[in-house]
Amino acid sequence: MGQFLHEFFSPLHFLRATPAVWNGFLLNLELMLVAEAFVLVLALLLAIVRGLPGRGAAPLRWLAIGYTDLFRGTPLLLVLFLVQGFATLNYVGLSSASLFRNGVIALVLVYTAYVTEVYRAGIESVHPSQRMAARSLGLSYWQALRYVVLPQAIRRVVPPLLNDFIGLQKDTVLVTVIGLTEAIAQANFYSSDYLNFTGLTVTAVFFILLTIPLARFTDHIIKEREKRERAQTV
Amino acid sequence: MSANGHFVSLEGVKKSFGDLEVLHGIDLDVGEHNVVCLIGASGSGKSTLLRCINLLEQIDAGTIVVDGQTITGAKIDVNRLRQKIGIVFQAYNLFPHMTVLQNVTLAPRKALRVPRAQAEGHARALLRQIGLDDKADEFPDRLSGGQQQRVAIVRALATGPKLMLLDEITSALDPQLIGEVLELVRELAQSGMTMIIATHEMSFAREVASKICFLDAGVILEEGTPNEILSSPREERTREFLARVLEGGRL
């Protein structure tokens, strides 16, 4: 027992590992924020493309469906290796030396596929009569989408979006495999240098401390919505 | 006005959903400032007909002329057209994420590009006319069904339409809320608005309609003045329908 506590919960090692792990963790935060910004925008565009009406838009819809199928089905770890490998070819300005950018690209590719489905579910949950009412007033397809469908759709999917955001936040640690020195890499360096695993505990604490407020915020939003909806039925 | 002097003119309008033909060739003329009521059982094609006139449904055959313009032809700007033709639905279909004022000003501001202050002034004036100016900043779910439907009518009026299509707008309302909505429609009729109204309210139809059309299985089986249709219908099917409606009313 004493051995276990010393290996994972040593106060001395906790304090000594913290600065390095914190430095690595800042990289996780940066990856998460940059990737999420791209994901939220790209996924919304893809969801809109997937909902385009008419036969003419069919090829675009298929592309959007193919994209989500492909990247939702491929493990992030594999996508990271693929992007890093592809970058060695130096196509389209990519470089195997730009580790941060390659990491962001892989995270965005995979999470955009998940979040597209979240947005799509939201858009489909808005009753068709809402779009019809908007069109009947003389609003164009895009105006009806922008002012009537999307505001209602996005409001409904905020909780699942936050869930995926938490998932993304944790998955940023995987970039360690292409050589980015993020929190886990730092913790591992520490444990091999000092033969003590407390650095990993420090990492866990950081991630948990980051996730809990987000989770509570999600709960809060769900509760608020329930309250509003209950008020509606009175 | 179209060539034959009617504000709205339908000729041989057909509409199918898949294999099911819902409208089997509808001919209908509506004069300017006239009110035409469509009566008939659920599924007789009343709603579909109104939606076709608003181009929410594409017709398969025939022509529809509104205000001298053949709206079923090619190269029609449907968004422009719909600003001239208001439609109100049974289920109100107000936008729940917007206040009453935002509901009413959305189309004028975004489709007609009216400046915000002007659109809001106009909307508040319209809401004052129906006694709901104090609800302008409420969300629709805070309003009663009757109030919501009146807001929906005002929302449709806000783009200045010349023709109003009302699709069973009192069918979802509690009986005690129907009166206030019909009163608003009555005022619209008196102000000279051209309207086509699908309704189950026979006494209301008798009062406001210049013409009543009985739809049965996708055709206008019989049309005439309220007296002709409601008091001495020629067709057996019309008599049956009216008997059923009146019986329902007694219960």
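Structure above, values below:
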| item | result |
| --- | --- |
| Boolean, A:Leu210 is modelled with pLDDT of 90 or more, surrounded by 13 or more Cβ atoms within 10 Å (Cβ to Cβ) and more than 18 Å from the chain's Cα centre (by Cα) | no |
| Members of region B:104-123 found to be away from chain A (no Cβ under 14 Å) and part of a helix (DSSP H, G or I), listed by number | B:Ala117, B:Gln118, B:Glu120, B:Gly121, B:His122 |
| Hits in region B:27-53 (condition: over 21 Å from B:Leu230 (Cα atoms), in contact with a helix residue (DSSP H, G or I) (Cβ under 9 Å, 6 or more places away or on another chain) and among the β-branched types (Val, Ile, Thr)) | none |
| One residue from B:Leu101, B:Leu126 being in a helix (DSSP H, G or I), under 24 Å from B:Thr194 (Cβ atoms) and more than 12 Å from every other protein chain (Cβ to nearest Cβ) | B:Leu126 |
| Meets criteria (surrounded by fewer than 13 Cβ atoms within 10 Å (Cβ to Cβ) and within 20 Å of the chain's Cα centre (by Cα)) for A:Leu89 | no |
| Matching option when the condition is closer than 28 Å to B:Ala172 by Cα, within 18 Å of the chain's Cα centre (by Cα) and within 13 Å of chain A (Cβ to nearest Cβ), among B:Lys84, B:Lys46 | B:Lys84 |
| Qualifying positions in region A:155-176 - within 23 Å of A:Asn188 (Cβ to Cβ) and among the polar types (S, T, N, Q) | A:Gln169, A:Thr172, A:Thr176 |
| Condition broken by B:Arg150, with the remaining ones in (1) part of a helix (DSSP H, G or I); (2) within 15 Å of the chain's Cα centre (by Cα); (3) at pLDDT below 95 satisfied | (3) |
| Hits in region A:136-146 (condition: buried (at least 21 other Cβ atoms within 10 Å of the Cβ) and in a helix (DSSP H, G or I)) | A:Ser136, A:Ala144 |
| Test for B:Glu21: is it surrounded by fewer than 20 Cβ atoms within 10 Å (Cβ to Cβ) and within 23 Å of B:Gln58 (Cβ to Cβ) | yes |
| Qualifying residue in region A:32-43 (condition: without any contact (Cβ under 8 Å) to a residue 12 or more places away in the chain, under 23 Å from A:Thr181 (Cβ atoms) and part of a helix (DSSP H, G or I)) | yes |
| Inter-residue pairs, beta-carbon under 9 Å, first surrounded by fewer than 17 Cβ atoms within 10 Å (Cβ to Cβ) and in region A:155-170, second of a type in the set (Asp, Glu), 6+ apart | A:Pro159/A:Asp219 |
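The values are calculated or read from the model by the stated rules, or taken from the named source; none is laboratory data. Here the structure is a predicted model, which is why all the values come from computation and not from measurement. Cβ: placed from backbone, ideal geometry, glycine included. Neighbour counts: every protein chain shown.
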